[in-house]
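Undergrad: Can you keep this structure in mind? I'll have questions shortly.
Just so you know, all these numbers are worked out from the coordinates, no wet-lab data involved. Bear in mind that the values here come from a model prediction, so they are computed numbers and not experimental data. Ideal geometry is used to build each Cβ from the backbone, glycine not excepted, and the neighbour counts take in all protein chains shown.
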Amino acid sequence: MSRKIIISSIAEERLELLFKYLLEEWSYKVKADFIKKLDKNIQIIKNQPESFPESERESGLRRCVITKQTTLYYEFNNSAIYILTIFDTRQDPK
C-alpha cells in the first residue's frame, strides 16, 4: 500500500531553517548529504511505517533518527503518513 506523505507546516518551517543553517554554518555538501539521509528514511517510513519505535508517552507517535543531531516525528494511518515535526539539536532551541 502506498501512503501519501503529508508534511506539517511546523515540519516544513523547521526543515527550511535547518537547510539554511547547514548552508550557512557547514556547506552545500553537508546539506546534500542530509537530504539524501532524509529521503532514504522517508522511503523506509513510506514502505514500512512501523519500522521506527513508537513513543512510550504518545500512542501512535513514532521517532526516526535521521542523524545523531536530527530526529523526525511522524504518525500514520492506512492512507497517509504525517510528518509532524523535525527536531535538530544543533540549533538554538529559542
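Undergrad: Dividing the Cα convex hull volume of region 1-54 by residue count, how many Å³ per residue is that?
TA: Hull volume normalised by residue count: 94 Å³.
Undergrad: Follow-up. For the chain, calculate the relative contact order in percent as a whole number, restricting contacts to Cα pairs under 8 Å that are 6 or more residues apart.
TA: The value is 35 percent.
Undergrad: Further question on the same structure: Just to confirm the filter: which chymotrypsin sites (Phe, Trp or Tyr not before Pro) across region 19-79 are DSSP coil and have at most 15 other Cβ within 10 angstrom of their Cβ?
TA: Passing both the DSSP loop test and the Cβ count: 26.
Undergrad: Nearest 500 deg cm²/dmol is fine: what mean residue ellipticity at 222 nm does the chain get from its DSSP H runs of n ≥ 4 alone, each adding -39,500 (n - 2.57), divided by its residue count?
TA: That calculation yields -13500 deg cm²/dmol at 222 nm.
Undergrad: Hey, another quick one. Could you pull out every one of the aspartates and glutamates with an alpha carbon less than 18 Å from that of residue 4, ignoring same-chain neighbours closer than 8 positions?
TA: 12, 39, 50, 75
Undergrad: Taking 1 over the mean of 1/r across every pair of different Cα atoms in region 4-88, what Kirkwood radius in Å do you get?
TA: Computed over region 4-88, the radius equals 13.2 Å.
Undergrad: To one decimal place, what Kirkwood hydrodynamic radius in Å is obtained for region 31-70 from all pairs of distinct Cα atoms?
TA: Over region 31-70, the inverse of the mean reciprocal pair distance is 11.0 Å.
Undergrad: Something else about it: What do you get for GluC sites (Glu not before Pro) in region 54-94 restricted to DSSP loop and a cutoff of at most 12 other Cβ within 10 Å of the site's Cβ?
TA: In loop regions of region 54-94 (DSSP not H, G, I, E or B), the sparsely surrounded GluC sites (Glu not before Pro) are 56, 58.
Undergrad: Once you have all Cα-Cα distances for region 50-94, histogram them in 10 Å bins from zero and send the whole-percent values.
TA: Per 10 Å bin, starting at zero, the Cα-Cα P(r) for region 50-94 comes out as 26, 52, 20, 2 percent.
Undergrad: 7 Å from Cα along Cα→Cβ at both residue 5 and residue 19: what's the point-to-point distance in nm?
TA: Here the modelled spin labels are 1.2 nm apart.
Undergrad: Report, to the nearest 10°, how far helix 28-47 tilts away from the longest principal axis of the Cα atoms in the chain, using its own Cα long axis and a range of 0 to 90°.
TA: 0 degrees
Undergrad: Take the chain, connect every pair of alpha-carbon atoms lying under 10 Å apart with a spring to form a Gaussian network, then pick out the residue of 40, 31, 68 with the largest mean-square fluctuation.
TA: Answer for the Gaussian network model of the chain: 68.
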